[in-house]
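Novice: Would you mind keeping the following structure in view while I ask a few things?
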Amino acid sequence: MADKKQSPNKSTNSQPLADSSSPSQTLPTTAATATSSAAARKKLTLIPLIFLIYFEVAGGPYGEEPAVQAAGPLLAIVGFIVFPFIWSVPEALITAELSTAFPGDGGFVIWADRAFGPFWGSLMGTWKLLSGVINIAAFPVLCIDYIKKIAPPLESGWPRRIAVFSSTLLLALLNYVGLTIVGYVAVVLAFLSLLPFILMTFIAIPKIHPHRWLSFGDKGVKKDWNLYLNTLFWNLNFWDNVSTLAGEVENPQKTFPMALFVSVIFTCVSYLIPLLAVIGAVDVEQSAWGSGFHAQAAGIIAGKWLKILLEIGSCLSGIGLFEAQLSSSAYQILGMAEIGILPKFFASRAKWFNTPWIGIVICTAISLAVSYMNFTDIVASANFIYSLGMLLEFSAFIWLRWKHPGIKRPFQVPLRLPALIVMCLIPSAFLVVLMVFTHKMVLVVSAIMTAAGIVWFGVMKICKNKKILEFNPPLDAIEES
């Protein structure tokens with residue numbers, strides 16, 4: 001998904017920042033894209049990148065069922081058709097444009113820094129990193145929840161704690177071995193986790209009654225719009241996460257936009273087709289459509305064997321989600337160090353595998369800590385600060401188009417500024433609505449996380465000014481070199 005303007009062995013750092021009216025204006029990548037070691041690293045190619053994006057966003061139709069429970073079959077189907085145009089497509093287009101204009105591992109941190117300065121770049125990094133690593137914590141727990149069905153001792157107590165700890169470390173080890181390996185593992189995991197849905201869809205075809213697709217739900221059941229919108233949002237979100245891998249992609253100026261284009265279509269189809277099959281083939285009360293109902297539907301449609309396969313697929317999907325999101329978070333830390341927001345040692349790479357081992361350790365440690373907490377409010381707060389980050393991201397995109405129209409963009413959203421503003425205002429309004437209806441504890445925890453990010457920026461600034469720690473030069477300094 002990442003996109004570069006030049007081949008990976010050529011530096012853009014020596015090019016001065018041109019006047020904003022210049023058609024050839026470029027802005028720098030992070031340091032990794034300008035070093036000879038970057039050229040020697042194995043890069044992500046199109047197919048692995050598509051499936052990394054897929055696991056950043058979805059990982060399969062697991063979790064789409066509450067949309068039916070909340071608003072009925074018809075609105076659930078309409079939601080998964082319409083919502084991608086409101087949210088997924090704009091977010092993917094912005095990611096494609098900015099990742100090709102700024103092809104570095106910092107991703108959205110670089111965008112905010114270039115638009116509004118290092119404070120906002122640092123705060124963006126705090127918001128996105130915390131939301132990412134907190135969400136990561138849920139995936140090993142999900143895997144253990146499925147394994148405990150055949151190993152009951154893992155349900156609670158020390159066996160469960162040890163299982164969560166060991167599985168988290170084991171999954172993190174795969175990230176340490178290499179991003180290209182993670183990419184190819186994502187391809188295999190996607191096939192295996194989707195296979196039960198493919199089988200279920202074909203078996204369901206003779207049993208489908210199309211009139212069920214037109215149902216507004218059971219009579220007397222009140223629509224739960226909050227659940228409905230949140231289900232759509234969190235199943236079709238996080239397209240920008242892959243931007244932090246921009247420095248690790250081969251021929252990104254072509255690969256990144258194509259990978260995003262294919263993954264948007266693939267993800268939306270993977271949600272919609274199983275949903276149509278299950279709604280059409282299974283006649284149950286609307287209240288039955290809770291999380292995990294697809295497994296129950298598989299049992300109804302084909303028998304217990306498919307139910308078990310689908311549960312195994314859910315576990316494999318959780319592994320893919322963990323690996324993809326840990327990769328993005330770890331490379332985000334590396335990218336922030338490369339542009340001088342974090343100390344230089346945070347950009348260290350493993351000697352054998354050239355992976356961001358410090359970022360992997362930090363993200364794994366935080367996710368482990370969160371996994372042992374009662375983290376309902378923490379996860380909700382992580383989602384809240386992610387929404388803040390997205391509002392900042394939309395603002396940075398518009399600002400850079402307005403103030404720096406001459407930046408060389410290998411891929412550019414084919415709209416003029418007024419249309420781009422409308423494109424960003426629609427999902428921004430949706431974010432504001434979701435944030436307004438959150439509860440007070442989420443606001444408090446989110447405020448604490450944000451305050452911690454502001455304090456962290458201040459501490460890093462002191463360390464930089466007093467030369468307590470060594471930092472890479474900031475982007476402005478790189479531009480002037």
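Novice: Within the range 429-452, does at least one residue satisfy the condition of being within 30 Å of S348 (Cβ to Cβ), of a type in the set (F, W, Y) and open to solvent by 90 Å² or more (accessible area, probe 1.4 Å)? Talk me through it step by step, then tell me what you get.
Specialist: Taking the range 429-452 and keeping what is within 30 Å of S348 (Cβ to Cβ), we get 448-452.
Now drop any that are not of a type in the set (F, W, Y), which leaves none.
No, the range 429-452 contains no residue that is within 30 Å of S348 (Cβ to Cβ), of a type in the set (F, W, Y) and open to solvent by 90 Å² or more (accessible area, probe 1.4 Å).
Novice: For the range 38-75: of the residues being part of a loop (DSSP other than H, G, I, E, B), under 20 Å from the mean Cα position of the chain (by Cα) and among the charged types (D, E, K, R), which is modelled with the highest pLDDT?
Specialist: Looking at residues that are part of a loop (DSSP other than H, G, I, E, B), under 20 Å from the mean Cα position of the chain (by Cα) and among the charged types (D, E, K, R), I get E64.
Novice: Give all pairs with beta carbons closer than 9 Å in which a residue from the range 190-212 that is within 14 Å of L306 (Cβ to Cβ) and open to solvent by less than 60 Å² (accessible area, probe 1.4 Å) meets a residue that is assigned to a helix (DSSP H, G or I) and hydroxyl-bearing (S, T, Y); count only pairs at least 6 apart in sequence or on separate chains.
Specialist: Short answer, once both residue conditions are applied: S193/S314; S193/S317; L194/S270; L194/S317; P196/S314; F197/S270.
Novice: Would a scan of the range 187-210 turn up a residue that is in contact with a helix residue (DSSP H, G or I) (Cβ under 9 Å, 6 or more places away or on another chain) and not in a helix (DSSP H, G or I)?
Specialist: yes
Novice: Identify the single condition in (1) under 30 Å from E338 (Cβ atoms); (2) modelled with pLDDT of 95 or more; (3) of a type in the set (S, T, Y) that S270 does not satisfy, given that it satisfies every other one.
Specialist: Condition not satisfied by S270: (1).
Novice: How many of the residues making up the range 274-304 are under 18 Å from F191 (Cα atoms) and over 26 Å from the mean Cα position of the chain (by Cα)?
Specialist: The qualifying residues number 1.
Novice: Looking at the range 145-175 only, could you name the residues that are surrounded by fewer than 24 Cβ atoms within 10 Å (Cβ to Cβ) and closer than 27 Å to I385 by Cβ? First the steps, then the outcome.
Specialist: Quick first cut of the range 145-175, residues surrounded by fewer than 24 Cβ atoms within 10 Å (Cβ to Cβ) only: 145-167, 169-174.
D145, V164, F165, S167, L169, L171, A172 - these are the residues of the range 145-175 that are surrounded by fewer than 24 Cβ atoms within 10 Å (Cβ to Cβ) and closer than 27 Å to I385 by Cβ.
Novice: Go through the range 436-473 and report how many residues are touching a Phe, Trp or Tyr at 6+ places or on another chain (Cβ under 7 Å) and among the aliphatic types (A, V, I, L, M).
Specialist: Matching residues across the range 436-473 total 1.
Novice: Quick check: is even one residue across the range 134-156 closer than 19 Å to A324 by Cα and modelled with pLDDT of 95 or more?
Specialist: The answer is no; no qualifying residue exists.
Each row is one residue, and each column tells you yes or no for (1) under 16 Å from V445 (Cα atoms); (2) open to solvent by 30 Å² or more (accessible area, probe 1.4 Å).
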{"residue": "I341", "(1), (2)": "no, no"}
{"residue": "R349", "(1), (2)": "no, yes"}
{"residue": "I358", "(1), (2)": "no, no"}
{"residue": "S367", "(1), (2)": "no, no"}
{"residue": "V379", "(1), (2)": "yes, yes"}
{"residue": "A382", "(1), (2)": "yes, no"}
{"residue": "Y386", "(1), (2)": "yes, no"}
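Novice: If a residue has to be part of a loop (DSSP other than H, G, I, E, B), among the aliphatic types (A, V, I, L, M) and under 28 Å from V455 (Cβ atoms) to count, how many in the range 325-371 make the cut?
Specialist: Residues meeting the conditions: 3.
Novice: Here is a check on your reading of the model: is I426 touching a Pro at 6+ places or on another chain (Cβ under 8 Å) and of a type in the set (V, I, T)?
Specialist: yes
Novice: Quick one: would you say G247 is in a loop (DSSP other than H, G, I, E, B), in contact with a Gly (Cβ under 7 Å, 6 or more places away or on another chain), of a type outside the set (D, E, K, R) and over 16 Å from F80 (Cα atoms)?
Specialist: The answer is no for G247.
Novice: Hey, can you tell me all the residues within the range 270-324 that are assigned to a helix (DSSP H, G or I), among the aromatic types (F, W, Y) and closer than 21 Å to F216 by Cβ?
Specialist: Once the filter is applied, which keeps residues that are assigned to a helix (DSSP H, G or I), among the aromatic types (F, W, Y) and closer than 21 Å to F216 by Cβ, the range 270-324 yields Y271, F293.
Novice: Here's a follow-up. Within the range 358-375, which residues are out of contact with any helix residue (DSSP H, G or I) (no Cβ under 6 Å at 6 or more places or on another chain) and either over 14 Å from G132 (Cβ atoms) or modelled with pLDDT under 85 (or both)?
Specialist: V361, A369, Y372, M373, N374, F375
Novice: Another question, if that's okay. Within the range 391-402, does at least one residue satisfy the condition of being at pLDDT below 95 and either more than 21 Å from the chain's Cα centre (by Cα) or open to solvent by less than 80 Å² (accessible area, probe 1.4 Å) (or both)?
Specialist: No, the range 391-402 contains no residue that is at pLDDT below 95 and either more than 21 Å from the chain's Cα centre (by Cα) or open to solvent by less than 80 Å² (accessible area, probe 1.4 Å) (or both).
Novice: Could you grab the pairs with beta carbons closer than 9 Å, sequence gap of 6+ or different chains, first residue in the range 118-146 and on the phi > 0 side of the Ramachandran plot, second one open to solvent by less than 10 Å² (accessible area, probe 1.4 Å) and part of a helix (DSSP H, G or I)?
Specialist: Filtered contacts from the range 118-146: no entries.
Novice: While we're here: Find the helices (runs of 4 or more DSSP H) located wholly in the range 407-481 whose residues include 1 or more that are more than 21 Å from S122 (Cβ to Cβ), and list them.
Specialist: So the answer is 417-436, 440-465.
Novice: Return the only residue of S291, S270, S328 being touching a residue at least 40 places away in the same chain (Cβ under 8 Å), crowded, with 24+ Cβ neighbours inside 10 Å and within 20 Å of N237 (Cα to Cα).
Specialist: S328
The values are calculated or read from the model by the stated rules, or taken from the named source; none is laboratory data. Given the structure is predicted, the values throughout are model-derived calculations rather than measurements. For neighbour counting, all protein chains shown are included, and Cβ atoms are generated from backbone atoms with ideal geometry for every residue, glycine included. Only protein heavy atoms, including side chains, enter the accessible area calculation; ligands, DNA and RNA are left aside. Shrake-Rupley method; radii C 1.70, N 1.55, O 1.52, S 1.80 Å.
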